Amino acid sequence: MAGETHDVVIAGCGPAGMMLAAELALANVDVAVVERRPDHVLAGSRAGGFHARTIEVLDQRGVADRFLAEGQMVQAGFFGSTQLDTSDFPTRHPYTLALYQNAIERIMAAWIAELPVRIYYGSEVTGFAQDDAGVDVELADGGPLRAQYLVGCDGGRSLIRRAAGIDFPGWEATRSNLIAEVELSEEPPEGVRYDAYGVHGVGPMGDGKTFRAVTTERRLETGSEPTLQDLSAALIAVFDTDFGVHNPTWISRFTDATRQAATYRDRRVLLAGDAAHVHYPVGGQGLSLGVQDAVNLGWKLAQVVDGTSPDSLLDSYHAERHPVAERVLKLTMALTVMQRRDERTQTLVEVVSELAALDEPRRQLTGRHSGLDIRYELGDGHPQLGLRMPDLDLSTADGAVRVFALLHAARPLLLNLGRPGALGVGPWADRVQLIDAAYDGVWELPVLGAVSAPSAVLVRPDGYVAWVGEGDDAGLTDALTTWFGPR
Ligand SMILES: Cc1cc2nc3c(=O)[nH]c(=O)nc-3n(C[C@H](O)[C@H](O)[C@H](O)COP(=O)(O)OP(=O)(O)OC[C@H]3O[C@@H](n4cnc5c(N)ncnc54)[C@H](O)[C@@H]3O)c2cc1C
């Protein structure tokens, strides 16, 4: 691989790296991923699934069914003790998909194997040097690789972030948990237990013999290699027994350290996923954030690499995604506090849970938890502007089609819902698909409810609406230029 060149090199082939590789490959970018692991197999189950907006994002690329076929649809969101039920939200996927991360990564790896993505497994990025024209990516066992852009999707301890000198401000850890996959000699109690330290639980993994155990430690520990003895002691401290724990296949430790990269971009180097933000896993947000970072960045990077758009388009990646993660980090910190159930915090949980059960707060919190409320600041105007495009059932001259099916190839879409032929894309015809269609249902948005039906929408490849027509084409040329390059 010494001296090989690619348009984009991604460090790390976790969920964020794989999603970004898929997005770039769909846009015909020559992309390579460098991954330290020898293959896609993940030690341990790690994340437990993802939420509605992430399922939609995968549906936009036509691959959601692969994940749905293996996972379970559940209502997994909680605020205190109030369930954040998504089932009345206007989406085809009003639920969380419970599916362990090792299965998610297996399915993603199979998907990108169908795309022109080069993966250097068993290879580690050790540094980089950027100049005006590109980046030399140094590898432990060869290289360097040359690329126009380098994206660090290399997890919470990101070497790329550190080597770029990007600050990672936030909050130090106050709490640590052990997580493990083990066999037991005794049956554990069902459900989770809260105490003054946090949450604890042991549950079956579904294979008839393995259990996943999570305990909050009595003292903050930060060592990354916990032992079976540590786990046994932690279980006894909570349950008075370790249930005869034995035969661990995975033991790990995580903390509530919460941090976010001060900038997601330093010239030709960008960050996505845990490399850009880390937080306690309560609420199950990390993997979803990373996948959606990748979907925001992918098409922009592709347009810059092929010269369609100026390099400044990449600044919108930080501008849009940093505030999204900032909000999620706050949500996870609030949820973390509410897991610590000493008597005084218990009263806080009770009051907050009562309030969260009221309809308006529940909708707001559910919108946040599911990611369906994400709105990029694209200016004032129709409420649909900057929000995710709903997956409407459309009628066209060629028959019925879902909006998301029109996004499978990750290309921008101008949807004319008014008089057929009323809109044109002129010089953008090779970049933007123009579809004349009709939709006669109610136009309903998550959290907001019913809104007036637009006469047209310009949908970015990530599924967010960049322009809304309200009877004419005012502002359309500006929006096309901003998002899809000059004429
Ligand atoms: C116990 C637990 C439960 C969780 N539950 C959920 C959940 O339910 N839902 C959810 O959304 N999230 C959850 N998360 C968070 C989720 O696991 C992470 O947010 C997610 O894995 C981040 O993906 P990523 O691709 O950014 O980084 P990672 O998954 O960390 O991937 C980074 C990749 O980069 C590779 N790498 C690192 N350094 C280098 C290098 N120098 N060179 C080459 N390769 C390198 C690593 O080997 C790895 O494959 C949970 C996390 C934990 C610990």
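Listed values, structure above:
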read-out: From the options 103, 133, residue that is outside any strand (DSSP E or B), within 13 Å of the ligand (Cβ to nearest atom) and surrounded by fewer than 20 Cβ atoms within 10 Å (Cβ to Cβ); value: 103
read-out: Qualifying residue in segment 382-402 (condition: among the polar types (S, T, N, Q) and over 26 Å from residue 469 (Cα atoms)); value: no
read-out: Answer residue from segment 220-244, given it is open to solvent by 50 Å² or more (accessible area, probe 1.4 Å) and in a loop (DSSP other than H, G, I, E, B) and is nearest to residue 200 (Cα to Cα) among those; value: 240
read-out: Test result for residue 6, at pLDDT 95 or above, within 12 Å of the ligand (Cβ to nearest atom) and not aliphatic (A, V, I, L, M); value: no
read-out: Segment 114-125 residues that are part of a loop (DSSP other than H, G, I, E, B), paired with ones that are open to solvent by less than 80 Å² (accessible area, probe 1.4 Å) and near the ligand (Cβ under 9 Å from one of its atoms) (beta carbon under 6 Å, 6 or more apart); value: 123/34; 123/139; 124/140
read-out: Check on residue 121, aromatic (Phe, Trp, Tyr), within 20 Å of the chain's Cα centre (by Cα) and open to solvent by 50 Å² or more (accessible area, probe 1.4 Å); value: no
read-out: Strands (runs of 3 or more DSSP E) enclosed by segment 153-211 - at least 3 residues per element that are in contact with a strand residue (DSSP E or B) (Cβ under 7 Å, 6 or more places away or on another chain), aliphatic (A, V, I, L, M) and crowded, with 17+ Cβ neighbours inside 10 Å; value: 176-183
read-out: Subset of segment 63-86 [touching a residue at least 60 places away in the same chain (Cβ under 8 Å) and either over 15 Å from residue 339 (Cα atoms) or in a loop (DSSP other than H, G, I, E, B) (or both)]; value: 76, 77, 80, 81, 84, 85, 86
read-out: Some residue of segment 27-34 being in contact (Cβ under 8 Å) with a residue 40 or more places away in the chain and polar (S, T, N, Q); value: yes
read-out: Residue tally, condition part of a strand (DSSP E or B) and more than 9 Å from the ligand (Cβ to nearest atom), over segment 254-281; value: 9
read-out: Any hit, segment 321-328, residues being under 22 Å from residue 199 (Cβ atoms), among the hydrophobic types (A, V, I, L, M, F, W, C) and either buried (at least 21 other Cβ atoms within 10 Å of the Cβ) or modelled with pLDDT under 95 (or both); value: yes
read-out: So residue 411, is it open to solvent by 20 Å² or more (accessible area, probe 1.4 Å) and out of contact with any Lys or Arg (no Cβ under 6 Å at 6 or more places or on another chain); value: yes
read-out: Flag if residue 262 is more than 23 Å from residue 133 (Cα to Cα), open to solvent by less than 10 Å² (accessible area, probe 1.4 Å) and in contact (Cβ under 8 Å) with a residue 60 or more places away in the chain; value: no
read-out: Any hit, segment 31-46, residues being crowded, with 19+ Cβ neighbours inside 10 Å and under 16 Å from the mean Cα position of the chain (by Cα); value: yes
read-out: Subset of segment 47-65 [open to solvent by 10 Å² or more (accessible area, probe 1.4 Å) and more than 8 Å from the ligand (Cβ to nearest atom)]; value: 59, 61, 62, 65
read-out: Flag if residue 456 is within 24 Å of residue 295 (Cβ to Cβ) and surrounded by 14 or more Cβ atoms within 10 Å (Cβ to Cβ); value: yes
read-out: Filter result for the condition that a residue is closer than 25 Å to residue 296 by Cβ and open to solvent by less than 40 Å² (accessible area, probe 1.4 Å), over 423, 365, 434; value: 365
read-out: Residues (within 13 Å of the ligand (Cβ to nearest atom), assigned to a strand (DSSP E or B) and either open to solvent by less than 10 Å² (accessible area, probe 1.4 Å) or under 16 Å from residue 13 (Cβ atoms) (or both)) located in segment 136-152; value: 137, 139, 145, 150, 151, 152
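The values are calculated or read from the model by the stated rules, or taken from the named source; none is laboratory data. Since we're looking at a predicted model, the values are computed, not measured. Cβ sites come from the backbone with ideal geometry, for glycine too, and all protein chains shown count toward neighbours. Ligands, DNA and RNA are stripped out before the accessible areas are found, and what is left, the full protein with its side chains, is counted by its heavy atoms. Shrake-Rupley method; radii C 1.70, N 1.55, O 1.52, S 1.80 Å.
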